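**Q** Dumping the structure here so I can ask a few things about it.
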Amino acid sequence: MGEMAQKISNVNHAELLKMLNVAFAEEWLAYYQYWMGAQVAKGPMRPEIIKEFMEHGNEELEHATWLAERIIQLGGTPLLDPDEWKKYAQCKYEAPDNDYTVKLLEQNLVAERCAIARYQKICDMTMGKDLQTFHISRKILSDELEHEQEIGDFIEDMEVAAKHLAEHKK
């Protein structure tokens, strides 16, 4: 437990720790969603999308690590039981029941947008009150915004390719 970490944080610790544990659970689920999507993906741009999913998944795992460390510094305990992740998470895990690359991208886009909202709330809560948690959440927010952009670009590229192919067949 970081005594000074708690003293210099000028926020409601119980509320912050709950919010950080929600984000922690969501990061683990996001990691698994990306990892599983990479395993089952089929369809256009499969190799590139698998590579992107693995990269994003590894970043989500890194986010979970940062969150766990900060929760501990603030005197809390990260969720210890994976069964708790789905109970706490507000950004839900969606099993990749449809393995088509476009569907997997769309599924992950929804998750990224939910994560963006989560980290914006944490930033708003901690800005000027808990500099370390703010910096961690700001960095994660930046990563999630990048993920949203990259997934959106893949979807847009695939739509353009499909349209071009349809026009070419005419």
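**Q** Here are some pairs, Lys42/Lys87; Lys18/Lys87; Lys18/Lys92; which of them have Cα atoms lying more than 19 Å apart in this structure?
**A** Values: Lys42/Lys87 30 Å; Lys18/Lys87 12 Å; Lys18/Lys92 17 Å.
The answer is Lys42/Lys87.
**Q** Could you work out [θ]222 nm for the chain from helices alone, using -39500 (n - 2.57) per DSSP H run of at least four and dividing by all its residues? Round to the nearest 500 deg cm²/dmol. It would help to have the intermediate numbers written out before the result.
**A** Details: 6 runs with 134 residues, N = 170.
Computed mean residue ellipticity for the chain: -27500 deg cm²/dmol.
**Q** List the aspartates and glutamates whose Cα lies under 16 Å from the Cα of Lys103, skipping any in the same chain that are fewer than 8 positions away.
**A** Reachable aspartates and glutamates: Glu48, Glu52, Glu94, Glu112, Glu148, Glu150, Asp153, Glu156, Asp157, Glu159.
**Q** Run the numbers on the stretch 1-99 and let me know its relative contact order in percent, using alpha-carbon pairs under 8 Å that are six or more apart.
**A** Values: 112 pairs, mean separation 45.7, N = 99.
Relative CO of the stretch 1-99 lands at 46 percent.
**Q** Given a cut-off of 32 Å, name the pairs among Lys121/Lys163; Lys51/Lys163; Lys51/Lys121 whose C-alpha atoms lie farther apart than that in the structure shown.
**A** Numbers: Lys121/Lys163 38 Å; Lys51/Lys163 25 Å; Lys51/Lys121 30 Å.
Over 32 Å apart, Cα to Cα: Lys121/Lys163.
**Q** How many angstrom lie between the Cα centre of the stretch 111-135 and the Cα centre of the stretch 28-87?
**A** 18 Å
**Q** How do the peptides 106-117, 40-51 rank, highest first, by the average count of neighbouring beta carbon atoms within 10 Å per residue? Present the calculation step by step, with values, prior to reporting the outcome.
**A** Details: 106-117: 18.7, 40-51: 15.1.
By packing density, highest mean first, the sequence is 106-117, 40-51.
**Q** Something else now. Taking K and R as +1 and D and E as -1, what net charge do the other residues with C-beta under 14 Å from the C-beta of Thr126 add up to? Don't skip to the end; give the middle numbers.
**A** Details: positive: Lys18, Arg70, Arg118, Lys121, Lys129, Arg138, Lys139; negative: Glu15, Asp124, Asp130.
That works out to +4.
Read-outs: derived from the displayed coordinates by stated rules, not from any lab. Everything numeric here is computed off the predicted structure, so don't read it as measured data. Here Cβ is always computed from backbone atoms with ideal geometry, including for glycine, and neighbour counts include all displayed protein chains.
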